[in-house]
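In what follows, a structure is listed as structure tokens, so that the remarks can point back to it.
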2 protein chains.
Amino acid sequence: MFYPKDIKNLIDEFSKFPGIGPKSAQRFVFYLLRKSPEDIEKLTLSLKGIKNIHICSVCGNFSDQNICSICQDKNRDHSVVAVIAEPQDLMAIEKTGEYQGTYHVLGGLIDMIENKSPEQIKIKELLIRLKNSSIKELIFALNATIEGESTILYITNLIKEDKILSSKIKLTRIARGLPLGGELEYADEITLTEALKGRRGI
Amino acid sequence: MFYPKDIKNLIDEFSKFPGIGPKSAQRFVFYLLRKSPEDIEKLTLSLKGIKNIHICSVCGNFSDQNICSICQDKNRDHSVVAVIAEPQDLMAIEKTGEYQGTYHVLGGLIDMIENKSPEQIKIKELLIRLKNSSIKELIFALNATIEGESTILYITNLIKEDKILSSKIKLTRIARGLPLGGELEYADEITLTEALKGRRGI
């Protein structure tokens, strides 16, 4: 090609990033070529830094320690656990500032089309955690998709089959309804049905 | 924030990339967190590689040598020079496989709104190059924008003021017309006027 090898290599690397094609990768490289060697060094160091990131041995969140800061936090309610698919979802919930419980990161959702089986996500770890702790409530905070629903169904069935677990743990799920700015006219039937069922006193 | 420092640092770095907001930057970092240390090492090395990239001392293109491979190529026509704004434009022209001349990369366009003055782009270097070589034709291949037009006007005026230069150098510009798939009905008046003026025998 017409690019020097060093440029081409970096374009190839950026092209592998999610949602990034060769055009955007090229833009990134030309952006970096205008930067000082110090800026490149800073980016390189930041990249190296993520090699220090572990998976929290309790909840599966990313952490720079063996146990993440949320699981270590004594002020949080460790009897309530939100079951989420990815660490990004944890960030979304934390941003609300309203949730005081802890988390369990599944690392994905059951997805038959993408060949993601229950064994590939952290369901076994969740059951072990439930058995070895005094968790009272499990809040399913998963995507409102077929994959999310399948995962909820699969896990709740497992728990309901276990008499000890099902007697001590309350299973809940986040509400479905109109999002902020959502227009009733354009809402689908399922959302609207769930929104009606989930109506609250004013 | 809720992110470990190492993750946050890298999100901040990616957020500076062109067209990338915090959400996309976060996606990149989570993508990289799933990669092996070897993959991260490969990306780090590619990043370091671009520190070896120079600006070609003849045309201003990026190169891993002092003079780029196009300027060194004896099979190319060094009497024809395409004036372009950025190295990306060079790549676009090279991809056609039709151009056998060389280039002059201005490193931008004159842009009064963005405070980009003629002194900030490589116009002086172009004039020196024209004086010290046997260039016969200058093809302006700039964006069809006000900035592109201003830059063409500025440079051609400088050349026309110089009797020796203007007598030996032919000044041309790439055609304006309907792009592939362009519909006549929706073409603007200027494009259509230029397309009519530039009509060719069949």
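A few notes on this one:
- Portion, in percent, of the accessible area of segment B:76-196 that falls on carbon or sulfur, probe 1.4 Å: 56 percent
- Modelled label positions at A:ASN132 and A:ASN75, each set 7 Å beyond Cα in the direction of Cβ, lie 2.8 nm from each other.
- The residues of segment B:88-134 occluded by other protein chains by 30 Å² or more of accessible area, set against the chain on its own, are B:GLN88, B:MET91, B:GLU94, B:LYS95; surface from heavy atoms, 1.4 Å probe.
- Taking 37 °C and 0.692 mPa s as conditions, segment B:158-202 diffuses translationally at an estimated 254 µm²/s according to Stokes-Einstein applied to its Kirkwood radius (Cα pairs).
- Whole-percent carbon and sulfur share, accessible surface of segment A:5-52, 1.4 Å: 52 percent
- With a Förster radius of 51 Å applied to the beta-carbon distance between B:SER166 and B:ASP188, the computed FRET efficiency rounds to 0.95.
- Amide H contacts of A:CYS59 (H built 1.01 Å from N, under 5 Å, at least 5 apart or other chain): A:CYS68
- Cβ-based charge dipole, the protein assembly as shown, positive-most Cα from B:ALA25, B:LEU127, A:GLN65: A:GLN65
- Average beta-carbon neighbours from other chains, 10 Å sphere, peptide B:64-72: 1
- Here the Gaussian network model covers chain B, with springs between Cα atoms less than 10 Å apart; of B:ASP111, B:ASP64, B:ASP12, B:ASP12 fluctuates the most.
- Taking amide H positions as modeled 1.01 Å from N, with prolines and chain starts lacking one, the residues under 5 Å from A:HIS104 and 5 or more places away or on another chain are A:ALA82, A:VAL83, A:ILE84.
- Dipole in debye (nearest 20) - chain A, about Cα centre, beta carbon charges: Lys, Arg +1; Asp, Glu -1: 460 debye
- Long-range Cα-Cα pairs in segment B:26-173 (distance over 26 Å), rounded percent: 37 percent
- Cα lying deepest toward the dipole's positive end in chain B, options B:LEU90, B:SER15, B:THR145, charges on Cβ: B:LEU90
- Normalised alpha carbon radius of gyration of the protein assembly as shown [divisor 2.2 N^0.38 Å]: 1.38
- Plainly put, segment A:5-52 has a radius of gyration that is 0.99 times its Kirkwood radius, both from alpha-carbon atoms, as the Rg/Rh ratio.
- Averaged over its residues, chain A has an accessible area of 59 Å² per residue, based on protein heavy atoms and a 1.4 Å probe.
- Value at 222 nm in deg cm²/dmol, rounded to 500, when DSSP H runs of n ≥ 4 in the protein assembly as shown each add -39,500 (n - 2.57): -13000 deg cm²/dmol
- Using a 1.4 angstrom probe on protein heavy atoms only, the contact between A and B buries about 4900 square angstrom of accessible area, both sides summed.
- DSSP-defined antiparallel bridges as percent of all bridges, chain A, nearest 5: 20 percent
- The peptide list B:82-90, B:21-29, put in order of mean Cβ contacts within 10 Å with the highest first, becomes B:82-90, B:21-29.
- Backbone N within segment B:1-43 under 13 Å of label point (7 Å from A:LYS51 Cα along the Cβ vector): B:36-43
- For the set A:LYS51/B:LYS48; A:LYS116/B:LYS42; A:LYS95/A:LYS160; A:LYS5/B:LYS116; A:LYS116/B:LYS5, the pairs lying more than 22 angstrom apart at their alpha carbons are A:LYS116/B:LYS42; A:LYS95/A:LYS160; A:LYS5/B:LYS116; A:LYS116/B:LYS5.
- Ligands, DNA and RNA excluded, the heavy atoms of B:LYS122 present near 70 Å² of accessible surface to a 1.4 Å solvent probe.
- Chain B residue nearest the rotation axis toward A, with distance: B:THR44, 3 (Cβ to axis, whole Å).
The values are calculated or read from the model by the stated rules, or taken from the named source; none is laboratory data. In this text the structure is predicted, and so the values were computed from the model without any measurement. Don't worry about glycine lacking a Cβ; one is built from the backbone with ideal geometry, like all the others, and counts go over all protein chains shown. For the accessible areas, the whole protein counts, side chains as well, though only heavy atoms, and no ligand, DNA or RNA atoms are used. Shrake-Rupley method; radii C 1.70, N 1.55, O 1.52, S 1.80 Å.
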